[in-house]
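A short write-up of the structure that comes next.
Derivation of every value follows stated rules applied to the coordinates shown; laboratory data play no part. Worth saying up front: this structure is predicted, and the values here are computed from it rather than measured. Virtual Cβ from ideal backbone geometry, glycine too; neighbours counted across all protein chains shown.
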Amino acid sequence: MMTISNIIERIEKTASMILIAAMTIILFLNVIYRYFLHDPIFWANEASIYMMAWVTFLGGSLGLKYKSQASITMLVDRFKKEHQKIINIIAYIIILVFLAYLVYISSYWITHLSANKSSSLRIPMSIPYSCVPVGLTFAFIHMLAGFVEIFKKAKNKEVNTHEF
């Protein structure tokens with residue numbers, strides 16, 4: 001499971017770098033065209049908004065993989081290590097169920113509610129909207145890999161304690 005998560009991580013990083021670079025170039029060119037050539041690129045703002053949405057969901061997924069979200073652990077830190085592990089497992093289960101629900105809802109949203117085309121680019125709105133189920137699916141996979149790792153570590157600990 002961790003291998004799949006690592007492959008997705010590389011995809012997310014590469015896609016995010018490309019999107020940020022493209023967004024920077026498009027916005028820079030739009031400024032040049034708007035203020036120096038007096039002929040703005042009419043689709044630049046819309047494209048940059050859609051790229052930013054993709055980067056946001058991909059980055060959020062990476063944040064879950066790296067466990068870099070803000071968390072308040074003051075209460076959990078007061079418990080014994082065994083209880084902290086149980087609380088951690090419960091938290092993983094809640095997050096996985098919530099992400100699965102969000103993936104389901106956002107997939108429904110894409111398939112049933114995004115038949116329109118964007119105003120400037122004239123692309124199907126399912127393309128920019130699909131950042132939601134894609135990012136959430138990647139986040140689900142990262143969280144599932146982390147969840148599996150908890151049990152692998154526990155199993156390895158049991159094996160190591162029996163060896164000595």
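Among the residues of segment 1-30, the one identified as farther than 20 Å from ALA47 by Cα, surrounded by 14 or more Cβ atoms within 10 Å (Cβ to Cβ) and of a type in the set (S, T, N, Q) is SER5. Test TYR92 against the criterion of being within 25 Å of ILE49 (Cβ to Cβ) and surrounded by 15 or more Cβ atoms within 10 Å (Cβ to Cβ), and give yes or no. Answer is no for this residue. Restricting attention to segment 122-156, the residues being part of a loop (DSSP other than H, G, I, E, B) and in contact with a strand residue (DSSP E or B) (Cβ under 7 Å, 6 or more places away or on another chain) number 2. Restricting segment 60-71 to residues that are in contact with a helix residue (DSSP H, G or I) (Cβ under 7 Å, 6 or more places away or on another chain) and not in a loop (DSSP other than H, G, I, E, B), which is farthest from ALA145 (Cα to Cα)? Checked segment 60-71; the qualifying residue farthest from ALA145 (Cα to Cα) is GLY60.
Okay, residues lined up against (1) assigned to a helix (DSSP H, G or I); (2) of a type outside the set (A, V, I, L, M):
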{"site": "THR73", "(1), (2)": "no, yes"}
{"site": "GLU82", "(1), (2)": "yes, yes"}
{"site": "ILE87", "(1), (2)": "yes, no"}
{"site": "ILE93", "(1), (2)": "yes, no"}
{"site": "TYR101", "(1), (2)": "yes, yes"}
{"site": "TYR104", "(1), (2)": "yes, yes"}
{"site": "HIS112", "(1), (2)": "yes, yes"}
{"site": "SER120", "(1), (2)": "no, yes"}
